[in-house]
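To keep things clear, I will list the structure first and then write my remarks on it.
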Amino acid sequence: MSNLERLEEYIKRCRLCRLAINRLNAVPGEGRFDADIMFIGEAPGKSEDKQGRPFVGAAGKILEEALEGAGIKREDVYITNIVKCRPPNNRAPLRDEIDSCISYLEKQIKIIDPLIICILGNTAYHTLLKGSSITMNRGKLIDYKGRYYFLTIHPAAAIYNPSLRSVLMDDIKSLVRITKDLKKRGLEGYI
Ligand code: SF4
């Protein structure tokens, strides 16, 4: 068993915060342990809680379409969330829940060591980069503490606003292009 798999198994048994009470399954994340791109959303929803897998509901379908439109598959990347258990009624995770869970994400980032972390939506943006408006900043690549972050909207935002699907698609295409460039040119001084 790899270090990442061991961590995922540990997360599945975690009861560190109140989100363990009502969850069906913790959702550690899934994908390649050596992925170039790591996607980080907010929290599991109903379908994810049921299946124990990230981004498998309506938002996941939109993300998969955007990935395919950019020429990659979800198996090529790693996908996870800021918190690993579903908040009741899909509310945003609370500060103390994020604080309890964040060390798992930090460990995942350390093990996977992706070329780029793609931030999906405001919760991940605020938690990881202290940002406040993903809509204003989406499409940007940021170098923060020696790591590259790409910003885009959460796919769930496109469920009821179909015009955002093309925004997400275009962003994911840019993300894939930048990732290929980074691999070719090396990480130093890209921005
Ligand atoms: S949300 Fe994170 S800290 Fe809370 S119980 Fe789930 S895995 Fe543990």
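Since every read-out is calculated from the coordinates, none of them should be taken as a lab result. The structure displayed is predicted, hence computed values, not measured ones. Note: ideal-geometry Cβ built from the backbone for every residue, glycine included; neighbour counts use all protein chains shown.
Straight-distance candidates among the lysines for linking to LYS46, with alpha-carbon spacing under 16 Å and chain neighbours fewer than 8 residues away dropped: LYS61, LYS84.
Taking all Cα pairs closer than 8 Å and separated by 6 or more residues, the relative contact order of region 3-184 comes to 25 percent. To the nearest ten degrees, helix 95-112 and the longest principal axis of the Cα atoms of the chain are 50 degrees apart.
To the nearest 20 Debye, how big is the dipole of the chain about its Cα centre, given +1 on the beta carbon of each Lys and Arg and -1 on that of each Asp and Glu? Here the size comes out at about 280 debye.
For LYS173, a cut-off of 13 angstrom between C-alpha atoms picks up these aspartates and glutamates, skipping any fewer than 8 places away in its own chain: GLU64, GLU65, GLU68, ASP181. Positive end of the dipole of region 3-184 (Cβ unit charges, origin at the Cα centre): among HIS126, LEU115, ILE40, the Cα lying farthest that way belongs to HIS126.
Against the main long axis of the alpha-carbon atoms of the chain, helix 3-12 sits at an angle near 40°.
Could you work out [θ]222 nm for the chain from helices alone, using -39500 (n - 2.57) per DSSP H run of at least four and dividing by all its residues? Round to the nearest 500 deg cm²/dmol.
Details: 8 runs with 85 residues, N = 191.
Dividing the helical sum by the residues of the chain leaves -13500 deg cm²/dmol.
By the rule of a C-alpha distance below 12 Å, with chain neighbours fewer than 8 residues away ignored, the aspartates and glutamates paired with LYS183 are ASP36.
Of the beta bridges in the chain, as assigned by DSSP with both residues counted there, near 30 percent are antiparallel. Just to confirm my numbers, what's the Cα centroid distance between region 142-191 and region 4-43 in Å? A separation of 22 Å, based on Cα centres. Seen from a random direction on average, the alpha-carbon convex hull of region 126-168 projects onto 3.2 square nanometres.
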